[in-house]
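Please treat every number below as a calculation from the coordinates, not as lab data. Only a predicted model underlies this, so the values are computations on that prediction, with no experimental measurement involved. Note that we place each Cβ from the backbone using ideal geometry, even for glycine, and neighbour counts take in every protein chain shown.
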Amino acid sequence: MPSIELRTRQSLALTPRLQQSVRLLQLSALEFQQELRTALDTNPFLEYDSAETEDVALAGASPADDTGALPAADTLAAGETDSLPAESAAGDTLESGGADDMPADFSGDYGSRNSARQSSDADGSDPAEWARSQPTLREQLHDALRLYRLGDRDRAVARFIIEALDDDGYLRQSLADLADSVDLEPALTESELLVALRLVQSLDRPGLGARSLSECLALQLHALPEDTPGRDVALQIAEHHLERLARREQAELQKQIGCSAEQLRVACALVRKLDPKPGNCYGRTEDNYVVPDVIVRQVRNKWVVSINPAVQPRARIHRMYAQLFAQSAGASRSPLAQQLQEARWLIRNAQQRFDTIQRVAECIVAHQKAFFQYGEIALKPMVLRDVAEELGLHESTISRATGNKYMATPRGIFEFKHFFPRELGTESGGTCSAAAVRALLKEMIAAENTRDPLSDVTLAKMLADQGVLVARRTVAKYRHLMKVPPAELRRQL
């Protein structure tokens with residue numbers, strides 16, 4: 001028979017605010033900036049705190065100091081019901097200095113590309129080394145130009161033409177304007193530019209360096225064999241009748257050219273097979289930048305960790321809107337009350353995100369001080385559990401705080417996970433990191449005799465002589481991760 005039974009059980013439920021805090025923590029710097037910009041665009045209680053309004057910020061707010069600490073701001077009195085965790089800083093304002101506040105010794109690193117030292121020890125690979133880099137249009141043309149024996153002036157003019165090309169391969173500046181923009185003695189003439197342009201048009205794919213669509217198609221047609229069916233008719237269409245072809249005026253085209261319907265069909269099909277933008281088939285320069293979340297620098301023989309001001313968009317609660325809303329009747333029952341609460345949650349969770357990242361970074365730097373002094377060979381083995389126990393946080397929180405987070409150091413930009421190398425045993429019973437073993441292998445291979453390179457077995461024995469017990473297959477694995485070929489391929493006769 002059915003019956004009613006009362007049971008008690010415990011369950012863990014994440015509040016909306018805690019869910020948002022977890023989600024913000026695992027975002028990368030660029031993803032967090034996008035998240036905050038979206039909130040600024042959709043939430044009326046959030047406003048962007050630009051540099052011009054820094055002096056009139058909320059009462060109690062102070063700009064970021066030279067250690068990168070985030071300023072604390074006063075809290076809104078109206079409708080405040082929730083409190084912050086112990087490790088979170090209170091405040092309804094998130095602000096920092098701009099790009100001009102970056103340390104001078106790191107000014108050249110923020111836009112740097114991902115280097116080999118950014119790779120994490122989890123997979124031991126550098127994505128930048130695996131990426132296939134295709135030459136750009138200009139690189140391809142410059143390489144082809146080197147094969148020609150030219151005078152200094154002619155080569156300089158040809159290089160100038162190449163640099164003037166757009167990414168799709170067209171030269172959209174007139175030769176007269178180009179001649180006026182070049183400072184050469186004697187003065188550059190349009191005839192010289194025309195000769196250089198003809199040379200550039202013959203360097204690689206037909207159609208490059210064209211000044212119009214008609215010229216681009218004509219260059220491609222001239223490059224075809226003379227016995228190509230429909231070539232002569234297609235040339236007339238490309239040079240004089242492209243507009244009629246676009247309007248599909250077949251009868252008028254046939255009348256103007258004086259060809260049969262079959263010849264016109266073959267020619268039109270040939271024209272449509274041509275590439276109107278030949279420059280697009282080349283590789284393009286991609287800006288794969290890494291924005292560091294924290295900056296590590298040495299101040300008076302002490303390593304100091306600070307949040308990168310460039311990753312902290314200025315945002316704060318709109319004081320006037322919040323006060324007007326609090327004074328309105330029935331404010332607590334208005335749909336805007338939820339948006340105001342979400343705005344406060346976002347500011348506080350963003351503040352807590354930066355606090356957690358800085359605490360984790362400071363713990364990493366404290367454990368890996370030797371790395372900043374001596375490099376990869378001094379990197380110690382460390383796991384997420386070590387940081388979690390020291391900071392009193394859950395291991396999953398440390399995992400989120402280290403994923404897709406980067407640290408700018410005097411030795412380069414590294415991902416947080418780079419500082420958690422795997423532990424390997426030594427002959428004395430101690431431990432060393434896998435990163436240190438790879439650094440040792442790199443030094444050994446660099447110092448080897450190229451006529452008699454070191455085999456994996458020999459490298460394993462040399463590591464054993466230094467007290468590091470590593471199997472031959474492990475040496476082969478690390479050598480492969482470092483993109484070092486085997487001994488047979490390294491031998492130079």
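What the pair-distance distribution of the stretch 210-282 shows, using all Cα-Cα distances binned every 10 Å from zero, is 20, 55, 22, 3 percent. Remark: spin-label model distance Gln254-Leu30 equals 5.5 nm, labels positioned 7 Å along the Cα→Cβ axis.
Measuring nothing but how far apart in sequence close Cα pairs (under 8 Å, 6+ apart) lie, relative to its length, the stretch 135-204 scores a relative contact order of 42 percent.
Below 8 Å, C-alpha to C-alpha, sequence gap of six or more: please give me the relative contact order for the stretch 233-318 in percent.
19 percent
Averaging the sequence gap over all C-alpha pairs within less than 8 Å and six or more residues apart, then dividing by the number of residues, gives the stretch 210-282 a relative contact order of 37 percent.
Here the label points at Ala261 and Arg172, each 7 Å from Cα along the C-beta direction, are separated by 4.1 nm in the simple model.
With the simple spin-label model, which puts each label point 7 Å out from Cα in the Cβ direction, the Leu324 to Leu147 separation comes to 7.0 nm. Ranked for footprinting exposure by Cβ neighbours inside 10 Å, fewest first, Thr228, Thr450 give Thr450, Thr228. The calculated FRET efficiency for Thr450 paired with Ala156, based on their beta-carbon distance and R0 = 35 Å, is about 0.30. Under the combined filter of DSSP loop state and at most 12 neighbouring Cβ atoms within 10 Å, the stretch 143-174 retains these chymotrypsin sites (Phe, Trp or Tyr not before Pro): Tyr148.
Computed from the C-alpha gyration tensor, the three semi-axes of the ellipsoid equivalent to the stretch 257-385 are 55, 38, 12 Å, from longest to shortest. Residues Thr42, Thr458 in ascending order of nearby Cβ atoms (within 10 Å, fewest first): Thr42, Thr458. This ranking places Glu376, Glu252 by how few other beta-carbon atoms lie within 10 Å of each, fewest first, which gives Glu252, Glu376. For Lys380, the lysines whose Cα falls under 30 Å of its own Cα, not counting residues fewer than eight places away in the same chain, are Lys302, Lys369, Lys405, Lys417, Lys442, Lys461, Lys477, Lys483.
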